[in-house]
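Structure first, then comments.
The values are calculated or read from the model by the stated rules, or taken from the named source; none is laboratory data. Model, not experiment: these values are computed from the prediction. Cβ: placed from backbone, ideal geometry, glycine included. Neighbour counts: every protein chain shown. Just so you know, the surface numbers come from the protein's heavy atoms only, side chains and all, with ligands and any DNA or RNA stripped out. Shrake-Rupley method; radii C 1.70, N 1.55, O 1.52, S 1.80 Å.
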Amino acid sequence: MHVVATAGHVDHGKSTLVRALTGMEPDRLEEERRRGLTIELGYAWTSLPSGERLAFVDVPGHERFLATMLAGVGPAPAVMFVVAADEGWMPQSEEHLVALEALGVRHGLLAVTRADLADPASATERAAARLAESGLDSVERVAVSGRTGQGLAELRAALDRLVARLPTPDPRAPVRMWIDRVFTVRGSGTVVTGTLPAGTVTTGDELALPVGTARIRAVESLKETVRSVSGVARVALNLRAAVPPERGQALVTPGAWVWTDAADVRITPVGAAATVPDTVPDTMPDTVPDTMPDAVPDVMPGGRGLPSRLTAHIGSAAVVCDVRPLGGWIVRLRLARPLPLHVGDVLLLRDPGHSVRIGAGNGGVRVLAGATVLDARPPALRRRGAAGERAAALAAAGTDAGSLLRTHRLLREGDLRAMGCAPDGSPVSGDWHADPAYWSRLRELLPRAARRYAADHPLEPGMPVEAARHELALPDRRLVAALVEPPLTVADGRIVSGPAGLPAPVAAAVERLRAELAARPFLAPEAGRLAELGLGPREVAAAVRTGMLLRVADGVVLPAGADVHAAELLARLPQPFTVSEARRALDSSRRVMVPLLEHLDRSGLTERVDELRRRCRTPSQSRIE
Ligand SMILES: Nc1nc2c(ncn2[C@@H]2O[C@H](COP(=O)(O)OP(=O)(O)OP(=O)(O)O)[C@@H](O)[C@H]2O)c(=O)[nH]1
Ligand SMILES: [Mg+2]
């Protein structure tokens, strides 16, 4: 199936043409028929000569209903541009074309209708010239009459050629269906309709709404119940939702879209704004003048000329937003409510000051610009000059993962996907992706930071991972671990060089101590000897922390493991035993033995029997093993 929206000035014959092509009535409201005017979006469909099915979204042409027009055109991939032969190019012809340009609609054809009322030649020429200047590709022109049926066969053939050129959307793409109608069907609850541009909706699927989720109870497309439908399609969904959805909201694949109220965008001025370099006030007046300026404000680099408050349109949504120029063509939009956005989405910006203007007039173009989303999770700009730096960084940014990573430096896979950017490389750690240049810079910085830390803290075995995380301003310790390369390793939460993690001089001193105690392992050195070895209280503490030494009491230091070894030897003695018996068994001194036995008591390796004697506890009784 294909979906084509209509566009064109009020009363130029859009609905009449849709009616003639489909045999269906796009103007369903009584008020529409009475006034001979389209107010709401109309829907009708037909089969083309090729057999392809084509649904029309028929939009209103009246300037007052521009927002509705945008809701209809937004999700449609192509347009049937209607100009009346007897009236020619008119203000809303221009405005609609500019809107299509801003939205990036590339495909369409020109139907010059009411050809029974006037020679279509001059209207065709003017319209075709104007369309050629816009972004629409190879637009065919057909003269028709909705009244006499003249040219309808040619129009059908041209529509067939148009839809054959349209790209085929990915049926596995994440779903974002902008709701353009909501109604209640007795017995089945809430039904929403919309144009599904890509992806697939299936009965039973759960989709996310701004608040909560909705379960699809039934899917209909062109009035037929189906289990599943893929875009492009007109779709009606019967939903079960805790909070009933509204027009202007989107139903999306959960987790596949960023719900954001801020976006950094690149402005593309369109229509007159792109070509008329007039001087204009920086802000537009709140009240609407009776006569419109000939041209819209001149939108210049730096965002000058853009009103500070605009309405952003995407899909069926129209959201007020504050505009903050960052520099160049880059501005930050703050949206009044969060929208599900991907990087690369195009928002249409228009001036709400003019959106309520009613009645005739020469009609100005109120569409100011297209805005391509470059970042849907823009960082806060706190520092002075941050805005300008941000604009410079985004000036040449694309809409891919690489561009996002260049400015964010680090992003989680889920965030990248939710912004519509599949990462091209693999994560650097866990689900973190990094900008390659930034990551190699970190690889250089980490060893330097570790060396500096070691110099500043000679007694610590190494830089704590958390300190490195902090110093490198990383959001996750796993990233630090991923940056550590030999000869550095991570041990006990620290970045150490080599396995021991003890400063080299201290490690050497401990080795000398062990060597000296080889013959009499329980005869701890006197304080003076410790000092000679270079083992002052701080060095001892460091060696104890890394598990090299056992500190039995102040100034009584043994190699680590001496306590367990002692308990093994004492267990061979007749139980219970005295301090002297223990001292002889371990070939030690009273200076060492008393605190060592107290340490063994505390460790649960030995226990006191009375004032003078102890016994060993069995391993199962002891607290350390
Ligand atoms: N003679 C003649 N009249 C036409 C033709 N097409 C439309 N009309 C008349 O023009 C008037 C407007 O037609 P619509 O089809 O309602 O125009 P529209 O573009 O849908 O108008 P909006 O939806 O309000 O923008 C109606 O009175 C139609 O009968 C045509 O090809 N020939
Ligand atoms: Mg109409």
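Remarks
- In the chain, taking the dipole from charged Cβ atoms about the Cα centre, the farthest positive-side position among Gly344, Leu97, Ala256 is held by Ala256.
- Principal axis dimensions, the range 506-625 - Cα atoms, whole angstrom, descending: 39, 25, 22
- Our summary gives the chain a relative contact order of 8 percent, counting only alpha carbon pairs under 8 angstrom and 6 or more residues apart.
- Theoretical ellipticity at 222 nm over the chain - DSSP helices of four or more residues, -39500 (n - 2.57) apiece, nearest 500: -8500 deg cm²/dmol
- Taking amide hydrogens as placed 1.01 Å from N in the peptide plane, the amide H of Val57 sits under 5 Å from those of Val4, Ala5, Thr6, each at least 5 positions away in sequence or on another chain.
- Beta bridges by DSSP in the chain, antiparallel share as percent, to the nearest 5: 80 percent
- Per residue, the chain exposes an accessible area of 45 Å² to a 1.4 Å probe, with every protein chain left in place.
- Distance between the range 6-75 and the range 132-161 - C-alpha centres, whole angstrom: 16 Å
- Area accessible to solvent at Arg512, 1.4 Å probe radius, in Å²: 120 Å²
- Hydrodynamic radius (Kirkwood) for the range 505-559, which is based on Cα pairs only, to one decimal in Å: 10.8 Å
- Reference-scaled alpha-carbon Rg (2.2 N^0.38 Å with N residues) for the chain: 1.51
- Among Leu222, Ala157, Val79 the positive-end extreme of the charge dipole of the chain (Cβ point charges): Leu222
- Dipole magnitude of the range 31-72, debye to nearest 20 (Cβ charges: Lys/Arg +1, Asp/Glu -1, about Cα centre): 120 debye
- Sorting the Cα pairs of the range 187-269 by distance into bins of 5 Å, from 0 upward, gives 3, 14, 25, 25, 16, 8, 5, 4, 1, 0 percent per bin.
- Highest average packing first - 417-426, 171-180, Cβ atoms within 10 Å: 171-180, 417-426
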